[in-house]
Amino acid sequence: MGSLPDAYVESMKELLGEEYRQYLDSFSQSPFAAFRINTIKISVERWKEIAPFSATEVAWTKKGFYYDVKKDMPSKHPYYYAGLYYIQEPSAMIPASILPVVPGDKVLDLCAAPGGKATELGAKLNGTGLLVANDLSVSRTMALAKNLQVAGISNAVVTAEAPERLCGIFEGFFDKILVDAPCSGEGMFRREPKMIKDWLTKGPEYYEKIQKQILSDAWRMLRPGGYLVYSTCTFSVTEDEKVVQWLLGQYQDMEICPIERKEGFCEGRPDLVENGAPELKNCIRIFPHLSNGEGHFAVLLRKQGIEKEKDNKDANNERDQDALCQFREELHQACHKALRGCKAGQEEQKEMEDFLYKLPLSRGIICVHGSSVSLVPKTERDCSGLRVICQGLPLCEWKHKLSISHQLALLLKDSDFGQVLNLRADDERVIRYLKGETIFMEEKYRGNVLVCVDGFGLGWGQGNGQGTLKNKYYPGWRYQ
């Protein structure tokens, strides 16, 4: 590790006092590694029954578990490719865990890439409502989109826009917003020493201006009665408490909410802010010498006003009978439109319709592009002027025959499809399948086969009717 900048050392001594020496000692310890269970696909209780590696629960979320990097490699296990968990720095699990998202909410993750927080927000929505996951960088949103798709989140819209561009579309729209803001990264110096050099180029004062602008845009998009989490991975009071104090002064309808204190949580520091609001104590600070995680800051805020009543249907994953009939008609029209230019007849249309009818699809709108059919969430706003990277879930398309999307497989379980090859996690064919190899099976399936690991969808194969499965695993996502 490079030497710490003098200005940074002085600020940390002021912040920590007698604990500064303990903080320095933490640099000699290895950072903690953890993963978070994806409850869209598996409950924490069920995970504990099948977990392939021993793990200790993270203090601030029951979904998070530490693992031993010397013994275990979660990123190489088939369950990782099935989207059962997301590998995430332990402290980074805090912001999404304290945002009180409930099914049916309209949620915005404003600085979302690469997706650790967005995937947890999507899990809380459980296929209902709407998740807009945004990041300014197009390249970073590609990783964000992939992580949401692997997690089986079908109600997300991924955008690559500056926050002020979103304001023109979504003013006063969102129930919950998460702002994990760009910052000087002081809390990550132990884990990523190269950030020390970045700090010397762009310190807290540089990021403070950006953070204030992003929060102003977030305030505009938050409806009255809505909640906002502001978080950083820095210790800087300039970027943390002072930015929150500024927000309270700039927008007097914003208030700090108390958060249940968990092991490792330290209070905010109003004493280091001129005329600091006493409520700043309700902010959360994480220090690596006092908890099993890197440095972090988070605060939960609420925009005053009357919370609007939600339509209960928005929070219901099941379609009622009338909605089901309407949905079947939408599917019928979509299949007809998709096949119209493909020289396909009624038999092919029936094949596509029969396939789609059987799927456990959450609420959304059937959309057709050429010969492709997708399920997209209802945004209620015109997003045509935005740079949308992807939205919803691609389902299938007709390419001389029915071609099913890889993303759809990751939403399914073995009970959701007729022809299934369900492999145990320790079956050597699982890794071979993830590498894109042809595999053999006892079943004499012909046509599309859903390949699962212990019941969880991984991807598709094409059976030849003689026990051979042609691999259809998405090439860009293969096991490395």
Three principal axis extents, largest first, for the C-alpha atoms of segment 352-446, in Å? 49, 27, 25
Ranked by how many other beta carbons lie within 10 Å on average, peptides 342-353, 114-125 from highest: 114-125, 342-353
Partner aspartates and glutamates whose C-alpha sits under 16 Å from that of residue 106, ignoring same-chain residues fewer than 8 away, are 120, 171, 175, 307, 309, 311, 314, 380, 382
Rank by packing, highest mean first: peptides 162-171, 235-244, 454-463, with packing defined as the count of other Cβ atoms within 10 Å averaged across residues. 235-244, 454-463, 162-171
What spacing in nm lies between the two simple spin-label points modelled at residue 325 and residue 343, each 7 Å away from Cα in the Cβ direction? 3.9 nm
Sticking with the crude label model, points 7 Å out along Cα→Cβ, report the distance from residue 209 to residue 194 in nm, one decimal please. 2.6 nm
Scan around residue 454 for amide H atoms under 5 Å from its own, H built in the peptide plane at 1.01 Å from N, and keep only partners 5 or more places away or cross-chain. 423, 424, 425
The long-range amide H neighbours of residue 85, using H built 1.01 Å from N in the peptide plane and a cut-off of under 5 Å, are 38
Accessible-area composition of segment 144-222, carbon plus sulfur, in percent [1.4 Å probe]: 51 percent
Once you have the Kirkwood Rh of segment 170-274 from its Cα pairs, apply Stokes-Einstein at 4 °C and 1.567 mPa s and quote D in µm²/s. 87 µm²/s
Compute for the chain: radius of gyration divided by Kirkwood radius, i.e. Rg/Rh, restricted to C-alpha atoms, rounded to two decimals. 1.00
Computed FRET value (nearest 0.05) for residue 25 with residue 480, which takes r as the C-beta separation and R₀ as 30 Å: 0.25
Once the whole set of protein chains is in place, how much accessible area is left on residue 424, using a 1.4 Å probe, in Å² to the nearest 10? 150 Å²
Please give the charge dipole size of the chain, origin at the Cα centre, charges +1 on K and R Cβ atoms and -1 on D and E Cβ atoms. Round to the nearest 20 debye. 1520 debye
May I ask you to derive the relative contact order of the chain, considering only C-alpha pairs under 8 Å and at least 6 residues apart, and to give it as an integer percent? 14 percent
So the FRET efficiency between residue 367 and residue 415, C-beta based with R0 = 30 Å and rounded to 0.05, is 0.70
Cross-link list 41/472; 70/197; 124/146; 399/435: which exceed 27 angstrom alpha carbon to alpha carbon? 70/197
Mean separation of Cα contacts under 8 Å (6+ apart) over length of segment 41-108, as relative contact order %: 26 percent
Tell me the relative contact order for segment 254-412 as a rounded percent, counting alpha carbon contacts under 8 Å between residues six or more apart. 14 percent
Send over a whole-number figure in Å² for the accessible area per residue of segment 161-232, probe 1.4 Å. 38 Å²
Please report the accessible area of residue 56 (heavy atoms, 1.4 Å probe, ligands and nucleic acids excluded) in Å², nearest 10. 90 Å²
A correct Stokes-Einstein calculation for segment 27-183, using the alpha-carbon Kirkwood radius, 37 °C and 0.692 mPa s, returns a whole-number D in µm² s⁻¹ of 204 µm²/s
Using 0.36 nm times the number of residues separating residue 357 and residue 272, minus their current alpha carbon distance, what extension gain do you get? 24.6 nm
So what are segment 20-113's ellipsoid semi-axes, whole angstrom, largest first, if each one is the square root of 5 times an eigenvalue of the alpha-carbon gyration tensor? 24, 21, 12
By what distance, in whole Å, do the Cα atoms of segment 115-188 stretch along each of the three principal axes, largest value first? 34, 29, 22
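The values are calculated or read from the model by the stated rules, or taken from the named source; none is laboratory data. What you see is a predicted model; the values in this text were computed from it and never measured. Cβ: placed from backbone, ideal geometry, glycine included. Neighbour counts: every protein chain shown. Each accessible area value is taken on the protein alone, full model and side chains, heavy atoms only, with ligands, DNA and RNA left out. Shrake-Rupley method; radii C 1.70, N 1.55, O 1.52, S 1.80 Å.
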